[in-house]
Amino acid sequence: MSGHSKWSTIKRKKGAADAKRSQMFAKLLRAVEVAAREGGPNIDGNMTLAAAVEKARDNSVPWENIERAIKRASGEGEGAARFEDVVYEGYGPGGVAFLVQALTDNRNRTGQEVRHAFTRGGGNMADPGSVAWQFDRRGLVVLDKATSPDEEAILEIILEAGADDLRDSGEQWEIVTEPDSLGAVRKALTDAGVQIDSAELTMIPQNDVPVDGEKAGQVLRLYEALEDLDDTQAVYANFDIPEEILAEVG
């Protein structure tokens with residue numbers, strides 16, 4: 001995969017400004033709160049909450065902040081708002097398909113913001129269902145090759161834990177799992193002393209759209225604009241941009 005997972009890795013290594021970091025914390029904690037409200041506050045019994053907590057921890061969100069978000073969802077804390085999960089679909093430059101997952105307390109506001117971002121970025125919104133079918137819900141674990149065992153050793157660990165596939169992605173290994181196997185695969189790697197770059201539930205495109213040159217910059221700018229919206233939780237896209245262009249733009 002040369003799409004959004006690689007782009008996310010480049011941005012993570014580059015680091016984020018304090019303002020962006022604060023916004024990211026707020027989004028991650030919102031996801032924790034909603035997952036706890038919908039599936040219960042027990043992390044061991046709520047796969048969505050467990051994934052949201054792990055993602056927050058991976059991004060250095062303090063544990064006490066996570067606990068407060070879970071308590072708000074249980075009605076024990078103050079400031080709880082009612083958010084709903086909404087998915088927007090659209091196409092960007094070069095015919096790249098986009099899925100935007102948002103948590104919002106105002107559908108009209110969020111829908112207008114997403115539509116505006118698509119329009120300014122040279123794309124357009126699409127009807128519900130016209131893009132989503134091109135993506136599959138999967139668990140994705142990314143390892144940095146520089147700090148990982150060799151391919152055979154990784155395969156031995158992950159296949160026994162229930163992983164579906166190991167993919168060579170240049171400087172990283174990408175491990176694909178069924179959603180409910182993500183936790184077991186992550187634990188198996190951690191128990192074996194393997195350093196994990198990221199592990200999350202994601203949407204993986206069935207087919208990639210090659211993008212190069214000027215269009216690559218346009219696609220990434222649209223991706224960033226959608227991701228920067230306050231209500232956006234995740235942006236998924238099926239672009240395939242050469243790694244050297246991703247690194248240059250990043």
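The values are calculated or read from the model by the stated rules, or taken from the named source; none is laboratory data. Since we're looking at a predicted model, the values are computed, not measured. We place every Cβ from the backbone using ideal geometry, glycine too, and count neighbours over all the protein chains shown.
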TODO: Filter segment 192-214 down to residues that are at pLDDT below 90 and of a type outside the set (S, T, N, Q), then give me how many there are.
DONE: 7
Task: Restricting segment 185-206 to residues that are among the charged types (D, E, K, R) and not in a helix (DSSP H, G or I), the residue that is farthest from VAL86 (Cα to Cα) - done: ASP197
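Can you pull out every residue in segment 176-201 that is at positive phi and under 17 Å from the mean Cα position of the chain (by Cα)? Please lay out each step first, then the result.
So the first thing to find is which residues in segment 176-201 are at positive phi, and the list is 193.
Correct list: empty.
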Task: Single residue of segment 207-230 satisfying the filter (in contact (Cβ under 8 Å) with a residue 40 or more places away in the chain and not in a helix (DSSP H, G or I)) that is farthest from THR119 (Cα to Cα) - done: ASN207
- [ ] Answer with yes or no whether ALA73 is loosely packed, with under 15 Cβ neighbours inside 10 Å and small (Gly, Ala, Ser).
- [x] no
Task: Qualifying positions in segment 4-40 - modelled with pLDDT of 70 or more, in contact with a helix residue (DSSP H, G or I) (Cβ under 6 Å, 6 or more places away or on another chain) and surrounded by fewer than 19 Cβ atoms within 10 Å (Cβ to Cβ) - done: GLY39
Open item on the list: Could you tell me how many of the residues in segment 57-70 are in a helix (DSSP H, G or I), under 20 Å from the mean Cα position of the chain (by Cα) and buried (at least 19 other Cβ atoms within 10 Å of the Cβ)?
Closed with: 2
Task: Breaking point among (1) under 20 Å from ALA52 (Cα atoms); (2) among the aliphatic types (A, V, I, L, M); (3) free of Cβ contacts under 8 Å to residues at least 40 places away in the same chain, for LEU99 - done: (3)
